[in-house]
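J.: First the structure, which I've put down as structure tokens, then a few questions once you've had a look.
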Amino acid sequence: MLKLNKLALSIITVLSTTAISTDAKANLDKQTVQINPLAPGIIVKYKNTSKSLSKKQSMQRAADMSKSYGIDLSFKRMMSGGAEVLSIAADQAKSLSVTDIQDVVNQLNKRADIEFAEIDALMVPYVTPNDTAFNTQWHYHEAVGGMRLPAAWDTTTGSSAVTVAVLDTGYRPHADLVGNIVGEYDMISSSAVAVDGGGRDSNAQDPGDFSAAGECGFGSPGGNSSWHGTHVAGTVAAVSNNNNDVAGVAWDVNLVPVRVLGKCGGSLSDIADGIRWASGISVSGVPANPNPAQVINMSLGSGSPTSCSSTYQNAINAAVNAGVTVVVAAGNSNSTSGFAPANCNNVVSVGATNRNGGRAYYSNFGSLIDVSAPGGDGCHPPAESLPTALADCEGGVWVDANLVQSTHNSGATTPGADSIGALQGTSMASPHVAGLAALMYSVKATTTPAEVESVLKSTARSFPNVNSHQCTTSICGTGIVDANAAVLALSNNPPVNIPPTASFTSSCTDLSCNFDASGSSDSDGTITGYSWSFGGSGVTASNTFASAGTFAVTLTVTDNDGATDSVTNNVSVTDPSSGNDITMTLGENNRGNKIKVFWSGATTTRVDIYRDGAFFKRTKNDGLWNDKNVSVGVTYTYQVCNNSSTTFCSNIDSYTL
């Protein structure tokens, strides 16, 4: 049964960050921020960084700044990219309000010698947790809500020349992970956040990120360890086809876990350094990464709307310039506002869909989303607002089977045994796309981040129609990622387009008919055009004919690759103002193997019988004709007209044996 804290975790407003750049300085007072309670600090980038300062000089500069602004600052470390991190004394940070700290940042941004200053903001994992086997991983293989992975695996399961870096809470040495891990690093600089006995080191294993109530800020609820990074890494590249537990999207690529999140979350400065290190870029005081990544996954970000900060954007630009595709979770606030780093330039921003292919109720949405991927949805509420109780879920139940299955750990606080976990969130959607990007690099080693993003978007499949939380290309990206189409697009075997299938129904009253082409379909794309022979367009259309009779109507549909299909049906219409008075009734014989057509009012020696909209039989005008060529269970439509006339006719009626 769903416990209420599952929903509370999915809707809680998590801690937020300020994003400060030269262009954003005018909006500083309007932004809400939250500093990392376990590692309070400020990031400062000076304009002239060509001259290196000694640690002693940097410490003196921080001391001078403390005197000028009345805040106890100390030099902590240099960052990659030339910025430096200044710590705020923990005791003073507890007594300062957010406004107090922001005021200092605002004053720093007015200085001529500073390029930018911003709070070393808290970032959090984007997951809404719940608490074996490939057949439970609907998100890979189901036709409606999945990403069509099995067909892609016929082309590639990944290459050992491709590496994905997962910037997260680290990892547990799960049996389905360790075989693919080729390197790791713990980038958390604060021992209070790291809770593993030290700061930065070469051990990225996750000791647990549990916290007590109030430990992560006033009013914070506390909670058990998430094992978030272990789950995310398993979706990207769990060892697969080994008769054990779950499969990963790209099970033959390499993994490099980079630990940037710990107790209460993580700091922007650590994450920015992690982005550069994962990309093979030098970070001061940290050994070089011997396994630079082609793909970075970040299932993390701010919990409230913020613009993309200079620190984030500079690090992301450096990664992309190094040839790295950066995939980011969009966030879990059911919001159209921008959340960093998903709103930064040069990232693939991923929204979450549910098992039915609709938008997961928690997923952020809007024009900033590039593509969507399965993220799970245990509640599937009919209403568009976030659920607050079990009764808000569809049928009043929570369905674990509709979540995303991946590697996990059984420990409530500290590590336990290997396990399989069912979670939901854009955190779960993002690694699906990161894994797919790794498959794309596996079939085309020379591809670029720009090409990967373009192909992900252009090959995404259209969103299905659902009863609630409908996705469209204006709010959920270009579609749900299609692994097979994306891989084939970059391989030597591009997919062959399957043409659409045209189909329509009609209903007529007197001379007017309504037409509905919603039954048309395209198995590998989207129908983009509908053309009717009477001049109409659109999935539905109507037409009023000039006179009674039977007319051929043709529908032509066009798909997103330009392929077409046409279908022609006959429709019969009558003119009630013509004065015709043929009446017709239908029945059947006693044996039930003939349909009897009765009529009266015809004025010619012989009459014409129309069946299913087409001329069928000319017979004597004696008021009765037996149709012997019929089958039980089939519906037939009839009309009786004067000989050679399409205007002096009866009503149209149907009959089923």
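J.: Roughly speaking, what is the centre-to-centre gap between the range 544-620 and the range 487-523 when only Cα atoms are used, to the nearest Å?
T.: Cα centroid of the range 544-620 versus Cα centroid of the range 487-523: 25 Å apart.
J.: Further question on the same structure: Counting each DSSP H run of 4 or more residues in the chain as -39500 (n - 2.57), what helix-only mean residue ellipticity at 222 nm follows after dividing by all residues, to the nearest 500 deg cm²/dmol?
T.: About -5500 deg cm²/dmol.
J.: So for the chain, taking the charge dipole from beta-carbon charges (+1 Lys/Arg, -1 Asp/Glu), which of 247, 472, 74 sits furthest toward the positive end?
T.: Final value for the positive-end residue is 74.
J.: log10 I(q)/I(0), Debye, Cα-only the range 448-566, no solvent, q = 0.14, 0.17, 0.21 Å⁻¹?
T.: For the range 448-566 at q = 0.14, 0.17, 0.21 Å⁻¹, log10 I(q)/I(0) is -0.71, -0.91, -1.16.
J.: Given +1 on the Cβ of Lys and Arg, -1 on the Cβ of Asp and Glu, and no further charges, what dipole in debye does the range 150-285 carry about its Cα centre, rounded to the nearest 20?
T.: 180 debye
J.: Taking amide H positions as placed 1.01 Å from N in the peptide plane, with prolines and chain starts having none, which residues 5 or more places from residue 205, or on another chain, fall under 5 Å of its amide H?
T.: Close amide H contacts, sequence-distant or interchain: 171.
J.: For the range 508-585, count the residues as N, evaluate 2.2 N^0.38 Å, and divide the Cα radius of gyration by that value, please.
T.: Normalised Cα radius of gyration, the range 508-585: 1.35.
J.: Can you tell me the FRET efficiency between residue 91 and residue 144 if r is taken as the Cβ-Cβ distance and R0 is 45 Å, rounded to the nearest 0.05?
T.: E between residue 91 and residue 144, to the nearest 0.05, is 0.25.
J.: Can you give me the Rg/Rh ratio for the chain, using Cα atoms for both radii and the Kirkwood formula for Rh?
T.: 1.16
J.: Using +1 on the beta carbon of Lys and Arg, -1 on that of Asp and Glu, and nothing else charged, what's the dipole of the chain about the Cα centre, debye to 20?
T.: The dipole of the chain has a size of about 480 debye.
J.: Still on this structure, I have one more. In percent, what relative contact order does the range 323-418 have, based on Cα pairs under 8 Å that are 6 or more apart in sequence?
T.: 21 percent.
J.: Please work out the Cα center distance from the range 294-321 to the range 348-372, rounded to the nearest Å.
T.: 18 Å
J.: Here is a follow-up. Could you give log10 I(q)/I(0) at q = 0.13, 0.20, 0.29, 0.32 Å⁻¹ for the range 67-115, computed by the Debye formula over C-alpha point scatterers of equal weight, without solvent?
T.: For the requested q values the scattering log ratios are -0.34, -0.79, -1.25, -1.26.
Taken together, the values in this text are just the output of simple stated rules run on the coordinates, not laboratory data. Small disclaimer: the values here were computed from a predicted structure and weren't measured. We place every Cβ from the backbone using ideal geometry, glycine too, and count neighbours over all the protein chains shown.
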